[in-house]
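The values are calculated or read from the model by the stated rules, or taken from the named source; none is laboratory data. Just so you know, these numbers come straight off a predicted model, no measurement behind them. FYI the Cβ positions are ideal-geometry reconstructions off the backbone, even for glycines, and counts take in every protein chain you see.
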Amino acid sequence: MLELIKRCPEYVEGYKEYCREMYDNNVIYFRPTNPDYIDDGWFSRTKPWYDRKEQGLAEGQPVSFHYWAVDGGKFIGEFQLRTDFPEKVMLDIGSIGYAVRPSEQGKGYGKEILRLGLELARGHGMEKVLLTINDENKASIHLCESMGGVWEDTVEACNEAEGQHLLRRYWITL
Ligand SMILES: CC(C)(COP(=O)(O)OP(=O)(O)OC[C@H]1O[C@@H](n2cnc3c(N)ncnc32)[C@H](O)[C@@H]1OP(=O)(O)O)[C@@H](O)C(=O)NCCC(=O)NCCS
């Protein structure tokens, strides 16, 4: 059964494998941590920063919660939730980020991660979430629309992995 769990030391090796798979497959729509940075001290070194993000105390970062998606001990993917709406959320990263490792895609995990993630958003008291999706990301567009995403508009965007691109903005009402 798929679960969304908070980051924890037990799954660091699984997270590293997932990050490696994402980089090896050149997934551009969601860039996790560079796997080369994940060594024995990585979890404890980075924990304070993730804790500060949850409290909105990380400079330049929206309030963010990071979850790992696991199924029976296997690392499947991740889910990120941003609970406020600064410009970075509105015009770039959106309220939600999600990914499934390439070897586990097409098995229904993406849909389940988003379903569980929307429950978490509700639990945080959110009434709606914004999803921002590259206009060419057919899988994510399909998934978002199938979960009730309502297209608002398409804006121009640019980042290191995707370059200049069109970004669709969708609202899901919770
Ligand atoms: C988007 C993503 C999370 C989907 O995960 P997944 O586990 O493959 O998705 P699922 O198996 O749950 O499929 C969900 C739906 O999308 C459809 N789908 C999957 N891949 C598709 C594709 N390439 N084109 C069109 N539809 C697709 C499935 O058929 C399914 O539709 P259905 O519910 O009508 O049957 C995954 O492709 C991924 O991690 N992509 C890279 C990271 C990313 O793009 N993140 C989102 C950034 S906005």
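Taking the residues in region 64-88 that are of a type in the set (A, V, I, L, M, F, W, C) and within 15 Å of LYS6 (Cα to Cα) as candidates, determine which candidate is surrounded by the fewest Cβ atoms within 10 Å (Cβ to Cβ). Among them, the one singled out is PHE65.
Mind counting the residues in region 1-24 that are among the hydrophobic types (A, V, I, L, M, F, W, C) and part of a loop (DSSP other than H, G, I, E, B)?
Residues of region 1-24 among the hydrophobic types (A, V, I, L, M, F, W, C): 1-2, 4-5, 8, 12, 19, 22.
From what is left, the residues that are part of a loop (DSSP other than H, G, I, E, B) are 1, 8.
Within region 1-24, residues that are among the hydrophobic types (A, V, I, L, M, F, W, C) and part of a loop (DSSP other than H, G, I, E, B) number 2.
Taking GLN105 as the residue in question, decide whether it is closer than 15 Å to TYR29 by Cα, at pLDDT 95 or above, surrounded by 13 or more Cβ atoms within 10 Å (Cβ to Cβ) and more than 8 Å from the ligand (Cβ to nearest atom). Taking the combined requirement at face value, the residue does not satisfy it. LEU174 meets each of the listed conditions (1) of a type in the set (A, V, I, L, M, F, W, C); (2) away from the ligand (no atom under 14 Å from the Cβ); (3) out of contact with any helix residue (DSSP H, G or I) (no Cβ under 8 Å at 6 or more places or on another chain) apart from (3).
Residues in region 137-154 that are within 14 Å of the ligand (Cβ to nearest atom) and β-branched (Val, Ile, Thr) were compared, and the one that is nearest to the chain's Cα centre (by Cα) is ILE141. Against the condition β-branched (Val, Ile, Thr) and closer than 23 Å to ILE76 by Cβ, how does VAL129 come out, does it pass? So VAL129 fits the description; yes.
The residues on offer are GLU13, GLU21, GLU87, GLU17, and the sole one that is within 22 Å of LYS128 (Cα to Cα) and of a type in the set (Asp, Glu) is GLU87. For region 42-56, the set of residues classified as farther than 17 Å from TYR11 by Cα and assigned to a helix (DSSP H, G or I) consists of PRO48, TRP49, ASP51, ARG52, LYS53, GLU54, listed by residue number.
Does at least one position in region 25-41 carry a residue that is in a helix (DSSP H, G or I) and surrounded by 16 or more Cβ atoms within 10 Å (Cβ to Cβ)? If you could, list the steps in order and put the result at the bottom.
Residues of region 25-41 that are in a helix (DSSP H, G or I), as a first pass: 35-37.
Now drop any that are not surrounded by 16 or more Cβ atoms within 10 Å (Cβ to Cβ), which leaves 35.
Yes, the conditions are met somewhere in region 25-41.
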